[in-house]
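The structure appears right after this line, and notes come after that.
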Amino acid sequence: MSNPPHLVLASASPARRRTLAAAGIDVEVIVSGVDESTVDSTSPQSLCLTLARMKAEAVATRLRPVQAARPDFPTLVLGCDSVLALDGQILGKPADRADAVARGHRMRGRSGRLFTGHSLIHLGTGGTAEAVAVAKVSFAEITDAEVEAYVGTGEPLEVAGAFTIDGLGGAFVESIEGDPGTVIGVSLPLLRRMLHDLGVAITDLWTAN
């Protein structure tokens, strides 16, 4: 009987890990250490997918010798990266508190598109799968005081677009068109399809240790 696949998340995002855990997938986290500032693009799709690929490949490179020594224990590496597109600009994590406040003012009462790139590498077979999920996010008409209070919590400083939907920022999002997981940082329906393309059922990961 073969061992179930083991999923490694090449991301420090606690939100991504929580999303996967809630779906019954117990992942190992290995931070890639990729310098995101080295990548520039005018396309949000290209940018988030390139960064996701770099993260996955950086961790996969470290783990390939381990996989070769233990071929009966298949390992998958998942890299993800998210950016917000608003008014033709691509917004990752804010540079500082002032940047986060400025974004809060710009975003209120408006809509943007959140792009999350996914890159999956099967170390056992060498197979890869990549895709980008997109969701439209409509923001509430939040007040200056709410912007200041939210930025003061520190939460928006750590996430793409300077907002969350699975934390304090969820109160400031009026609606989402698309998979909410895309906005959190990992789309489970998209991941299921990518796993299928690599010959793995997402249910196989429910028993992964």
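Residues that are touching a Gly at 6+ places or on another chain (Cβ under 8 Å) and either surrounded by fewer than 17 Cβ atoms within 10 Å (Cβ to Cβ) or not in a helix (DSSP H, G or I) (or both) within the stretch 175-196 comprise S187, P189, listed in sequence order.
Taking the stated definitions as given, is L120 under 24 Å from S46 (Cα atoms), open to solvent by 20 Å² or more (accessible area, probe 1.4 Å) and either touching a residue at least 40 places away in the same chain (Cβ under 8 Å) or hydroxyl-bearing (S, T, Y) (or both)?
Here the answer is no, as L120 does not meet what is asked.
For the subset of the stretch 124-150 comprising residues that are hydrophobic (A, V, I, L, M, F, W, C) and under 21 Å from the mean Cα position of the chain (by Cα), which member is most open to solvent (accessible area, probe 1.4 Å)?
Among them, the one singled out is V134.
Against the list (1) among the hydrophobic types (A, V, I, L, M, F, W, C); (2) open to solvent by less than 40 Å² (accessible area, probe 1.4 Å); (3) touching a residue at least 24 places away in the same chain (Cβ under 8 Å), the condition M54 fails is (2).
Assessment of the stretch 152-168 against the conditions (more than 24 Å from Q45 (Cα to Cα) and open to solvent by 70 Å² or more (accessible area, probe 1.4 Å)) yields at least one matching residue.
Any idea how many residues of the stretch 80-103 are outside any strand (DSSP E or B) and either within 9 Å of G161 (Cα to Cα) or under 14 Å from the mean Cα position of the chain (by Cα) (or both)? I'd like the intermediate steps shown before the answer.
Of the residues in the stretch 80-103, the ones outside any strand (DSSP E or B) are 87-88, 92-103.
If we keep only those that are either within 9 Å of G161 (Cα to Cα) or under 14 Å from the mean Cα position of the chain (by Cα) (or both) as well, we get 92-94, 100, 103.
Of the residues in the stretch 80-103, 5 are outside any strand (DSSP E or B) and either within 9 Å of G161 (Cα to Cα) or under 14 Å from the mean Cα position of the chain (by Cα) (or both).
The values are calculated or read from the model by the stated rules, or taken from the named source; none is laboratory data. The structure presented is a predicted model; accordingly, all values stated were derived computationally and were not measured. Note: ideal-geometry Cβ built from the backbone for every residue, glycine included; neighbour counts use all protein chains shown. Heads up: the accessible areas ignore ligands, DNA and RNA and are worked out on the full protein's heavy atoms, side chains in. Shrake-Rupley method; radii C 1.70, N 1.55, O 1.52, S 1.80 Å.
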